[in-house]
2 protein chains.
Amino acid sequence: MSRIILHRITSPSRFLQSNTTCTQRYFSCTQLKNEEHRYKGRNGMIAFDPIAGTRDFLPKQMNERNWLFSKMRESARKFGFQEYDVPILEPEDLYKRKGGEEISQQMYCFEDGSGQRVSLRPEMTPSLARMVLGQGASLIMPIKYFSIPQCWRYETMTKGRRREHYQLNLDIWGSKGICAEAELIACMCDLFTSLGLTSSDIVISINNRKILQYLMNSMGVPEQLHSSVFIAIDKFDKIGADEVTSLLNEIGISQETSKKIISFSEIRNIKELHSHMGSDHELVVEIENLFHLCSCYGVESFIEFNASIVRGLSYYSGTIFEAYARDRVPPRALCGGGRYDNILTMYGAANDIPACGFGLGDVMMLEILREKKLVPESVINEPAAKSVVIPMNESLRGEAAQVVTLLRKQGTAADVYVGRVNKLKNALNFADRVGAERVIMIMPDEWANGSVVVKYLRRKEQFEVRLQDLITFDPNDLEK
Amino acid sequence: MSRIILHRITSPSRFLQSNTTCTQRYFSCTQLKNEEHRYKGRNGMIAFDPIAGTRDFLPKQMNERNWLFSKMRESARKFGFQEYDVPILEPEDLYKRKGGEEISQQMYCFEDGSGQRVSLRPEMTPSLARMVLGQGASLIMPIKYFSIPQCWRYETMTKGRRREHYQLNLDIWGSKGICAEAELIACMCDLFTSLGLTSSDIVISINNRKILQYLMNSMGVPEQLHSSVFIAIDKFDKIGADEVTSLLNEIGISQETSKKIISFSEIRNIKELHSHMGSDHELVVEIENLFHLCSCYGVESFIEFNASIVRGLSYYSGTIFEAYARDRVPPRALCGGGRYDNILTMYGAANDIPACGFGLGDVMMLEILREKKLVPESVINEPAAKSVVIPMNESLRGEAAQVVTLLRKQGTAADVYVGRVNKLKNALNFADRVGAERVIMIMPDEWANGSVVVKYLRRKEQFEVRLQDLITFDPNDLEK
């Protein structure tokens, strides 16, 4: 693999400077200008940033991620999908058989200690197929599985391109019927809805590989040109009709056929299909059935037929679909999937199992949710503790431990200040930073009296409360 | 890295055989005898098993893992720890600086597309240190962070050795006081307790690196022999006094000093420390303070002083501790950690931040919980859906979609059968497999009447229920 020149928008990194306070600031900032420093650091220091195209999740970002993942899990479980997981490391062979050159060139592959070629998974479907094969007879079909794996691709760094992302994967194996695709799409819409997105925000564009193939054949496009034509059609929404026509001509498609392909690619509803295929062609009937089922699920406003949807990966064999944010120009899929009935024989199995599924990445999803201000502030700034117990001096640490244990026994998140207690201000700042509603101060005289001092940070009020009343104490009761 | 011969206990793997039923069995089994087949497959097929030393998580195993992780999250959050995460891939340099040779030889290292040396993380602490450095001044101390990362080591395959495991990491940065260690230990005990483990099952052995160093100096052991002596002491509980003596003699420790080291290594309570160090030595006072705090947290029955605890990693600088299952012979730590105040200067920083933390792996933990039958059956076999809707023929798919949507809108997990509906038995078996309590059958005549047929699988009863009553329908009401 050749060296790739990296272009990256880098945020300022920090170097360390001398400072002695334990609970306060430690560092000041300078700029890291060189990509290599993300790996090797500088001046004898390690590199501070995660490697290019990857992310650290500090608590606020982790809260956001946990919120998104919990919404994903909720929708998947509500629809009867069961969670699974597989190792992030797989034999390289698993990907060589399927994805074609494009994927293997972008993979994180290496040789392990036993000389075997392994790879960080670029996607989840091959692992699921491997697992299904491995379970053999013990796995009775149909199955509905989901997972939220992290997937890795070695990509050149441009804006928005990442080397890792998390991806919700929903798959149904063992169902030939279009009802499986409908379940997937309905579940995807349930997720969008639960995240606050409506059909004014999102459109799911649907097509069928078999329809594309049927039309290529009926237009007399030679078999060996199909995939090149598909690649051109795939760009329709991004580059427009004229540029697609040039691409088709370059491939060797006649002007007349190109016109037909363009006219077909412009189709955005099923009715128009009738003039190309007839209204009773089984592929037309099937896709109309899918639209009917989607309306029974109440998600018809989310979907449209789109003849220019192709999806790059070679294993799709029937229905294909992609979800887009309607207001994004140029359009970029935030989710994609379809039917892949032939994957097991591609892996050398004697028989196939019908299957369909989709993947929905976290990066684009969060970008859209943030833009539309749909990630609740309360999620990002979720308090780490409701109460923080502060001993007024080191000899009261044991008493603080007793009080915080009392609170935790109630099941609520409570913390005890572990910094130096010589400055109350630092402890109060800590309580404020973790979002605590109140601090409970252990003071020598009050403790001797069997009491603690409860200070409400936002209300700026404080009360002396007897220890046995602490659990039930509510300052609002006093006002009544 | 030299090739390593692998010894592995292998479970039978399966090859594919011809079979045509879509919703039934697909495969029969043969044995894979060769490790290489875990990577390369055979007869043109891909390998079915995950690579050696790694795990697939099918839904039952995933339920178990999710249960364990949710208990971990619950305890950590109750104690005010905030979750974070970092990429599984880090610069190799991050580990070379710290872990010493042992770790880097066992790492999954490789060169990425830009020629940089990267590694799958073998442990979490270096990444946390990198992140803390990267945040610089914006991260105000103290912080209490937790994470449940997957960590990778390339190990020779023996029973119980794995190449990946998940590890709960709890860390407190910015506190010099022993109260930080007490918080960590109390949180660990909270987790054990919430999992059903008591102090009859688990012991947390505590020691201090500085005590070990003080005694080495007082016995006149030369500085350059300290680490070799520590390695010998570390084996005390596994190989016994005689063999440790031989090891010490091999290193060049005199018979007399060896005796003293052995006698010291046998200490299992703090009082005995007094005769070696005096009762008012600051290190003795500190560890007594730790034991006092633990009793304030109510976890004193879990802990013991153990002078033979060393912990291999070179970055520990003070308190060290390990948790063991009391009934395991030979003992194997299921959790370990301690204070590592000097990690930032080891990475080239101008100043350190006091820090302590521990890691607790999922593999040993689950092994113990399974042995003690503490993983609830209801967790492993958690139903994927409460109800399964079954259309009696293909033309009722839309009606089935409406009914299942109705149920899901209530927030309960409900499924619709997506297999072929020509055999009711297959659909009922499916409902049974996913643990459903009832099936809701959409039948042509009843549907025309505005009704569905609700069949309770365990009770073997069925009822015709009007659609508008379905949500509130409860067969127990009929008996009253």
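The values are calculated or read from the model by the stated rules, or taken from the named source; none is laboratory data. Note that the structure is predicted; figures quoted are calculated from it, not measured. Note: ideal-geometry Cβ built from the backbone for every residue, glycine included; neighbour counts use all protein chains shown.
For the range B:49-72, the criterion of being surrounded by fewer than 19 Cβ atoms within 10 Å (Cβ to Cβ), in contact with a strand residue (DSSP E or B) (Cβ under 8 Å, 6 or more places away or on another chain), over 22 Å from A:CYS151 (Cβ atoms) and in the same structural domain as B:TRP152 (by TED's automatic domain parsing) is met by no residue.
Looking at A:TYR340, A:TYR297, just one residue is touching a Phe, Trp or Tyr at 6+ places or on another chain (Cβ under 6 Å) and assigned by TED's automatic domain parsing to the domain that holds A:LEU197, and that residue is A:TYR340.
For B:GLU394, the conditions (1) among the charged types (D, E, K, R); (2) within 8 Å of chain A (Cβ to nearest Cβ); (3) under 15 Å from B:VAL434 (Cβ atoms) are fulfilled apart from (3). Out of B:ALA349, B:ALA414, B:ALA385, B:ALA400, one residue alone is aliphatic (A, V, I, L, M), within 29 Å of B:ARG121 (Cβ to Cβ) and buried (at least 16 other Cβ atoms within 10 Å of the Cβ). It is B:ALA349.
Listed here are the helices (runs of 4 or more DSSP H) enclosed by the range A:355-454 that have at least 2 residues being closer than 30 Å to A:GLN150 by Cα and without any contact (Cβ under 8 Å) to a residue 12 or more places away in the chain: A:362-371, A:377-380. Screening B:ILE148, B:ILE143, B:ILE231, B:ILE172 for residues that are among the β-branched types (Val, Ile, Thr) and at pLDDT below 95 leaves exactly one candidate, B:ILE231. Inside the range B:352-379, residues that are more than 30 Å from B:PRO142 (Cα to Cα) and buried (at least 17 other Cβ atoms within 10 Å of the Cβ) make up a count of 5.
In a residue-by-residue description of the range B:317-339, the property of being among the hydrophobic types (A, V, I, L, M, F, W, C), assigned to a helix (DSSP H, G or I) and at pLDDT 95 or above applies to no position.
In this structure, is B:SER104 modelled with pLDDT of 95 or more, hydroxyl-bearing (Ser, Thr, Tyr) and in a helix (DSSP H, G or I)? Spell out the reasoning first.
On the way: modelled with pLDDT of 95 or more: no; hydroxyl-bearing (Ser, Thr, Tyr): yes; in a helix (DSSP H, G or I): yes.
Answer is no for this residue.
When you check B:GLN462 against the structure, is it under 29 Å from A:TYR145 (Cβ atoms) and surrounded by fewer than 18 Cβ atoms within 10 Å (Cβ to Cβ), yes or no?
Values: under 29 Å from A:TYR145 (Cβ atoms): no; surrounded by fewer than 18 Cβ atoms within 10 Å (Cβ to Cβ): yes.
So B:GLN462 fails the test.
Among the residues of the range B:56-95, those identified as part of a helix (DSSP H, G or I), modelled with pLDDT under 95 and facing chain A (nearest Cβ under 7 Å) are B:ASP93, B:LEU94. Looking at the range B:175-225, which of its residues are at pLDDT 95 or above, hydroxyl-bearing (Ser, Thr, Tyr) and in a helix (DSSP H, G or I)? B:THR193, B:SER194, listed by residue number.
Within the range B:301-331, track down each residue that is surrounded by fewer than 17 Cβ atoms within 10 Å (Cβ to Cβ) and touching a Phe, Trp or Tyr at 6+ places or on another chain (Cβ under 7 Å). Answer for the range B:301-331, where residues must be surrounded by fewer than 17 Cβ atoms within 10 Å (Cβ to Cβ) and touching a Phe, Trp or Tyr at 6+ places or on another chain (Cβ under 7 Å): just B:PRO331.
Condition check for B:ILE172 on (1) surrounded by 14 or more Cβ atoms within 10 Å (Cβ to Cβ); (2) over 21 Å from B:VAL299 (Cβ atoms): one failure, at (2).
What number of residues in the range B:340-355 are under 22 Å from B:ASN207 (Cα atoms) and either among the hydroxyl-bearing types (Ser, Thr, Tyr) or within 10 Å of chain A (Cβ to nearest Cβ) (or both)?
The initial filter retains those residues of the range B:340-355 that are under 22 Å from B:ASN207 (Cα atoms), namely B:340-343, B:353-355.
From what is left, the residues that are either among the hydroxyl-bearing types (Ser, Thr, Tyr) or within 10 Å of chain A (Cβ to nearest Cβ) (or both) are B:340, B:353-354.
Within the range B:340-355, residues that are under 22 Å from B:ASN207 (Cα atoms) and either among the hydroxyl-bearing types (Ser, Thr, Tyr) or within 10 Å of chain A (Cβ to nearest Cβ) (or both) number 3.
Scan the range B:357-377 and give yes if some residue there is under 20 Å from the mean Cα position of the chain (by Cα), within 12 Å of another protein chain (Cβ to nearest Cβ) and not acidic (Asp, Glu), otherwise no. No - not one qualifying residue is present in the range B:357-377.
Please pick out the residue among B:SER138, B:SER75 that is buried (at least 21 other Cβ atoms within 10 Å of the Cβ), farther than 30 Å from A:SER127 by Cα, hydroxyl-bearing (Ser, Thr, Tyr) and assigned by TED's automatic domain parsing to the domain that holds B:ILE343.
Going through B:SER138, B:SER75 in turn, just one is buried (at least 21 other Cβ atoms within 10 Å of the Cβ), farther than 30 Å from A:SER127 by Cα, hydroxyl-bearing (Ser, Thr, Tyr) and assigned by TED's automatic domain parsing to the domain that holds B:ILE343: B:SER75.
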